[in-house]
Structure formats: C-alpha cells, structure tokens
Amino acid sequence: MNRVGAVLLLGCLFAVSGCGDSSSATDGDGSGGGGGASSSSGAGGDAQTPPMGGANVEAWLAQGDYEGWSCEAAIHEARSPSPHGFNRICSNDLIAANATGTDAWPAGAAAVKELYASATDTSPIGYAVYLKLDADSAGGDNWYWYERVPLDSDAPHDANGVVADGDGSSGAAKQICVGCHAAAGSDAAHTPSPGGRDQVYTPVP
C-alpha cells in the first residue's frame, strides 16, 4: 500500500453523541506508528506534508509552514456537528485545489485546525492535524490523525493532552476521529462547508 512516504497526517474530532466511543485516547505508545521521513522541514514532512508522531508534529507546527496554506480569514465558533469550539482551519494545496470538487482527496491532502479558547485569542490552545495516507481512504483507515488539547479539556486525552496520534485503523484515531469524520458530506447536516467529503468537513479553497 502506498503510504506517501509514511509522512501524512490528519486531525480528529472529540467524541460526542453519535461520533463513536470515546473510551480511550491516543494509539499504542502515542508514537502514531511512524516518525516520518526526513526532509527540509527538519522534523519530518515538508511545507505541504505534516510528519507523523506527536513530537514531530509539534515541532512542525511550531515552524508555521501551514500558515502559508489556504487558511480561513478569522477564528470562528465550531460549525455543527463539530465539537471543537473556536477554531480556524488551513488546507494544504491538494485540498485547496480540489475544494469545490466531488472526488475523493488525493494522497497527501492535509489540513491543520487551530483550536482556540475564544474568538479573540491570538494563540492556539491546541491543534488537530489530519492528512491522507493513500488515494483510497479505506473508510478512514488511510488517514493519519493527531490532536492535542489543553489538559483541562473534557475531550479524552493522555497526560500530555493528546487525544489521538495514529492512523484511522484502530484506537482513538478510529473511535473518535474517524467516528466523526466518516460522516463528512454524507447529508446536509454533515456538510457545514461546500465541498466537504471524504473525511474532511471544511475544505478551504
């Protein structure tokens, strides 16, 4: 199976009613099943591709490459059915270029959701990062999901605030992330933004 160099990543939703079992957080040892390939970003991945594994993801986020992607203009309240609270979404070039289409996203499609405590905050309090590992979504198995929230969050998380860190085939990534994102684009109630589909609720053109 083509895993796009095993350096793809995608964020996840908190478990809420109808979004799957929230009994566990993170996957295995929290490593996300891989460390990503070395590249110019210095932490795995590159300017368009987040790496895998929590430490690599956090280092990549700190570099801010994703801020050059197609980003929403302002922080906003969560769009139903999202439980994420205040957030701002940035889509990489593969999502942005196909945002108005109807086909499944290509391998390498990625997004970063900045999480905020309020609409007037200037710094995120957490992140959800998600990226497609293969052209075939396989029901969400072939996406990599990472999410970190504040330690006082109601979302299930580990001692570092990590909700999930792994692909969507098992564990919290499957139960929480795919449990919600699988419905993206399935009907009007699950299409909060035009073009939402294939595990992505809000593609930013």
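Throughout, read-outs are computed from the coordinates displayed, never taken from laboratory work. All figures in this text were calculated on a predicted structure; none of them were measured in a lab. Cβ coordinates were reconstructed from backbone atoms using ideal geometry, including for glycine residues, and neighbour counts include every protein chain displayed.
Per-residue 3J(HN,Hα) values for the range 112-122, derived from phi via the Karplus relation 6.51 cos²θ - 1.76 cosθ + 1.60 with θ = phi - 60°, read 10, 10, 7, 9, 10, 7, 7, 6, 9, 5, 10 Hz in sequence order (x marks Gly and Pro). Over the range 67-112, the pair-distance histogram of Cα-Cα distances with 5 Å bins from zero comes to 5, 21, 23, 22, 21, 8 percent, rounded to whole numbers. Here Cys177, Cys90, Cys71 are placed in order of increasing Cβ neighbour count within 10 Å, fewest first, which gives Cys71, Cys90, Cys177.
Packing here is the average count of other Cβ atoms within 10 Å per residue, and on that basis the peptides 126-132, 103-109, highest first, run 126-132, 103-109. In terms of Cα atoms, the Rg and Dmax of the range 128-198 work out to 12.8, 37 Å.
Shown for Leu133, Leu151, Leu115: other C-beta atoms within 10 Å of each C-beta, ranked fewest to most, produce the order Leu151, Leu115, Leu133.
If you take the Cα centroid of the range 129-205 and the Cα centroid of the range 45-71, the two points sit 17 Å apart. Ranked by how many other Cβ atoms sit within 10 Å of their own Cβ, fewest first, the residues Thr100, Thr202 fall in the order Thr100, Thr202.
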